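The values are calculated or read from the model by the stated rules, or taken from the named source; none is laboratory data. Not measured: the values here are computed from a predicted model. Reconstructed Cβ throughout: ideal geometry from the backbone, glycine too, with neighbour counts over all protein chains shown.
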Amino acid sequence: MGPKKTNLFFCFLFFIIFIQAQAQKIENPLPSDESKKAGQFMGEHFSKAKLPPFSFIYDGKASASFLTRWTFAEEKKKIDDNRTLQISTYTDPKTGLIIRALCTIYNDFPAVEWVLKFKNSSRAKTPIIENIQAVETDFRYSGAGNFILHRALGSNAERVDFAPIDEPLNPGGEITFGPQEGRSSGNGALPFFNIEAPGEGVMVGMGWSGKWKSTVRRDAGTTIRLSAGMEKTHFALRPGEEVRSPSVVLLFWSGSDRLRGHNLFRRYILKHHTPQKNGRPMTLPLASGLGFGGPRPCNEYSCATETYAIAMAYRLEQFGIVPEAGWIDAGWYEGSETGWWQGVGNWVINKKNFPNGIRPVSDVAKKMGMGFVLWFEPERVYKGTRLDREHPEWLVKLPQNSNSLLDLGNPEARRWLTDYISGMIEREGITVYRQDFNFDPQDYWRAADAPDRQGITEIKHIEGLYEFWDELLKRHPGLLIDNCASGGRRLDLETISRSAPLWRTDYQYYEPNGYQCHTYGLNFYLPCSGTGNSNPETYFWRSSLSSALVFGWEINQPSFQLPQAIKSMEEFKKLRPYFYGDYYPLTAYSASDEAWMAYQFDRPEFQDGMILAFRRNLSNASTCQVKLHGLIPGAVYALNFEDYGIKISETGKNLLENGLEIKIPATPGSLLITYKQILKD
């Protein structure tokens, strides 16, 4: 090997080492003080004689008054290279109540996560256990400055779904929030939030697919107390009985920009709480409905047929529009002819419309390289349907209500449902199991509880839901569960670990400005979600863009823009990977039609990103100045204004400090800018 070749070899080797080092920096971007916080928290709270970060009342006494005197035991075991499980056990020698705190400690993120298990090991009922707070702990800060709670609304089929809320935590102040119904991200609140203190903070995530409540309060100084749990618990455990609490994650962050906490949390969610395939987050599909529409009394997919759905798939293929998944929604089952909701509880295929079952449709989709989505709503049972007639003992009913709740806390009901749905997945060729949940279960749960069992029906139902989903995923490797719940009303740490919301809101279908608002708000916390689109025109299409998308195009209309549709599909596939990157809002949040809205997705591991900007229909301003985030000040970036065919180069410092002027001359209008680092610092 000659000297020139040797020099080239060592240059190449140095380049590889440098790239690997950069990747490692991005994979573990933790300052030393930040990386230690989870371990410090564990040592201060989940150790012998230390008051744990949860609370409850037992036999009329607050747990803080006795829990440190109970028998304590600790067990640790390594889960994998990034996670360690610590089980801290607290036992009451008098009554036999055992509490196990199953804590997961991460070494790739400054995070700790836990769930509590309450078990009665005695032969008698326990005293009353009540007001369980899955987390109740203090965060003591020393810095001077502002304390702010950053959170978001839940979903309520409104333009302001997932709207960000920033509330100051003033001395002596207290903020209590939670969903207003029995679904975890329904109207009121999303169960993810950020408590910002001067120069640092903590991201909080709740895993409970029912009614939860959280309170964040500040004392007269700089101590913040966080408490959160089920809204209502007051029960005695029977001999041998065990129940769980909501799960909780705390992710600690530091720095002057609270968006660091949000993006660290997004990365944590992607790695540890997102359905995986081959060790990476599953790519969510670009899907299309097959067989919707029709005159009255047709509703949703109640007039879909085998021949129509197959013909529609071939029609899409004919024009070069092949989605990644075909989709049949509500109405394919018996009893849905006059109202799709009237058949929930049958789950028997309507043989008039699908004489050979759903399989012929899913086979055609498979032949075209597509997956297949089929809709169910198994927890709701309408009066007169098969489940209502044949298994009333599995149902929780309310007087004068046509809907019953299938009690997933009943082991027999859960086993039947698991076997039945699993059989349909196998038999009908389903690759995406879509589960909806279109009514509020809270009143049903509470009506079923005796005075000394308040909260038990909710707990056991939610435990059953998780067991049901876990078993489906175990039996069908590669299955994706789509979690709808009236559009994004059951999003929490537990559901997003097992599923993805491909239709995140039932807000006015396809309205673009509202869809921009939903993307803006939800991405502070969750990188994976989808919504719909009925118009491939650029403004409408980009307003729908996220990590998943469902189109409902009427391709047989003479006015349908076929070339634009193909272009839009190609654009989605190109841009989809960016949604898994870091997220930065570039304009203030606004639901007004007079506003601009813009956001940025940045991928530091690839030194690239994109900006999506929208000038809404009533905006009078043709330009908007935005400051970018996440760039390296000393680096140079090539920016491509995709719609104008203009390319410029600019330093990261200038883009961060002075910003970028964006011009959109017409309303409504959008602009896509992609960028790539071309010169390193």
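In the range 572-617, of all residues being free of Cβ contacts under 8 Å to residues at least 60 places away in the same chain and of a type in the set (Asp, Glu), the one that is surrounded by the fewest Cβ atoms within 10 Å (Cβ to Cβ) corresponds to Glu594. Scanning the range 70-87 for any residue that is among the polar types (S, T, N, Q), part of a strand (DSSP E or B), modelled with pLDDT of 95 or more and more than 32 Å from the chain's Cα centre (by Cα) turns up at least one such residue. Apart from one condition, Phe560 fits all of (1) out of contact with any helix residue (DSSP H, G or I) (no Cβ under 9 Å at 6 or more places or on another chain); (2) farther than 22 Å from Leu586 by Cβ; (3) surrounded by 20 or more Cβ atoms within 10 Å (Cβ to Cβ); (4) among the hydrophobic types (A, V, I, L, M, F, W, C); the exception is (3). Looking at the range 377-388, can you tell me whether even one residue there is touching a Ser or Thr at 6+ places or on another chain (Cβ under 6 Å) and closer than 30 Å to Glu241 by Cβ? Looking for residues that are touching a Ser or Thr at 6+ places or on another chain (Cβ under 6 Å) and closer than 30 Å to Glu241 by Cβ, one finds at least one in the range 377-388, hence yes.
Looking across the range 627-681, just one residue is closer than 24 Å to Glu594 by Cβ, surrounded by fewer than 16 Cβ atoms within 10 Å (Cβ to Cβ) and within 30 Å of the chain's Cα centre (by Cα), and that is Lys627.
Applying the criterion of being over 30 Å from Tyr58 (Cβ atoms), among the hydrophobic types (A, V, I, L, M, F, W, C) and not in a helix (DSSP H, G or I) to the residues of the range 443-489, the residue that is farthest from the chain's Cα centre (by Cα) is Leu479. Just one of (1) buried (at least 24 other Cβ atoms within 10 Å of the Cβ); (2) assigned to a loop (DSSP other than H, G, I, E, B) fails for Val248. It is (2). So which residues in the range 56-83 are farther than 15 Å from Ile132 by Cα, in contact with a strand residue (DSSP E or B) (Cβ under 8 Å, 6 or more places away or on another chain) and of a type outside the set (A, V, I, L, M, F, W, C)? Matches in the range 56-83: Thr71, Glu74, Glu75, Lys76, Lys77, Lys78, Asn82, Arg83.
Within the option set Tyr583, Tyr578, being within 28 Å of the chain's Cα centre (by Cα) and part of a strand (DSSP E or B) holds for one residue only, Tyr583.
Using the structure shown, decide if Leu417 is part of a strand (DSSP E or B) and either among the hydroxyl-bearing types (Ser, Thr, Tyr) or at negative phi (or both). No: the conditions fail for Leu417. Within the range 143-177, the set of residues being surrounded by fewer than 21 Cβ atoms within 10 Å (Cβ to Cβ) and at positive phi comprises Gly145, Ala157, Gly172.
Against the numbered list (1) more than 34 Å from the chain's Cα centre (by Cα); (2) under 17 Å from Val202 (Cα atoms); (3) of a type in the set (Gly, Ala, Ser), Ser121 comes up short only at (2). Residue-level analysis places Met282 outside the set of residues that are without any contact (Cβ under 8 Å) to a residue 40 or more places away in the chain, of a type outside the set (Ser, Thr, Tyr) and touching a Ser or Thr at 6+ places or on another chain (Cβ under 9 Å).
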